[in-house]
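Notes follow the structure.
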Amino acid sequence: MEVIHKIGRRKTAVARVYVSEGKGNITINKKDLENYFKTPTLQYKVKQPLTLTENNEAFDIKVNVYGGGITGQAEAVRLAISRALCEVDAENRGVLKPEGLLTRDPRMVERKKFGQKKARKKFQFSKR
């Protein structure tokens, strides 16, 4: 099996994932998974597609991720890993699709408009 390269995005975070056969090591920006994503919730999000398809020990994963915050980055990595697993074995799609792991979340921050304080909030109105 050659190296599979996939991209995942969430908000402004972009994750590039390189999946190859191995022992289950996950490296993110040249750091170990536990050192990069410190909270168990974020670690669970990253490992979720591997756990569902029962591939925890089957692949070595290298990730380059930038932009956004830690939660957006974790979800971007999760999408990229899910896409890569679908390319490895087409049957994985049937497991990941119902869980919503192959759907790109389109929600983005709404831009600030001129003449307003934020995207929707207005400046205080004074009647008199």
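Points to keep in mind about this one:
- Residue that is surrounded by the fewest Cβ atoms within 10 Å (Cβ to Cβ) [pool: residues in region 28-73 that are among the hydrophobic types (A, V, I, L, M, F, W, C), under 11 Å from the mean Cα position of the chain (by Cα) and under 14 Å from Gly8 (Cβ atoms)]: Val65
- Enumeration of residues in region 76-128 that are closer than 25 Å to Tyr66 by Cβ and of a type in the set (Asp, Glu): Glu87, Asp105, Glu110
- Flag if Leu79 is under 16 Å from Glu99 (Cα atoms) and surrounded by fewer than 19 Cβ atoms within 10 Å (Cβ to Cβ): no
- Per the conditions (1) under 23 Å from Ile26 (Cα atoms); (2) modelled with pLDDT of 90 or more; (3) of a type outside the set (Lys, Arg), the sole criterion not satisfied by Glu110 is (1).
- If only residues of region 88-109 that are of a type in the set (Lys, Arg) and either farther than 13 Å from Arg10 by Cβ or over 14 Å from the mean Cα position of the chain (by Cα) (or both) are counted, the one that is surrounded by the most Cβ atoms within 10 Å (Cβ to Cβ) is Arg93.
- Within region 18-25, not a single residue is under 17 Å from Gly72 (Cβ atoms) and either out of contact with any strand residue (DSSP E or B) (no Cβ under 7 Å at 6 or more places or on another chain) or not aromatic (Phe, Trp, Tyr) (or both).
- Of the candidates Lys112, Lys30, Lys62, the single residue that is on the phi > 0 side of the Ramachandran plot and of a type in the set (D, E, K, R) is Lys30.
- Boolean, Lys6 is of a type outside the set (A, V, I, L, M, F, W, C) and either on the phi > 0 side of the Ramachandran plot or crowded, with 20+ Cβ neighbours inside 10 Å (or both): no
- Residue count, region 73-128 (criterion: touching a residue at least 40 places away in the same chain (Cβ under 8 Å) and basic (Lys, Arg)): 4
The values are calculated or read from the model by the stated rules, or taken from the named source; none is laboratory data. The structure presented is a predicted model; accordingly, all values stated were derived computationally and were not measured. Glycine gets a Cβ as well: all are built from the backbone with ideal geometry, and neighbour counts include every protein chain shown.
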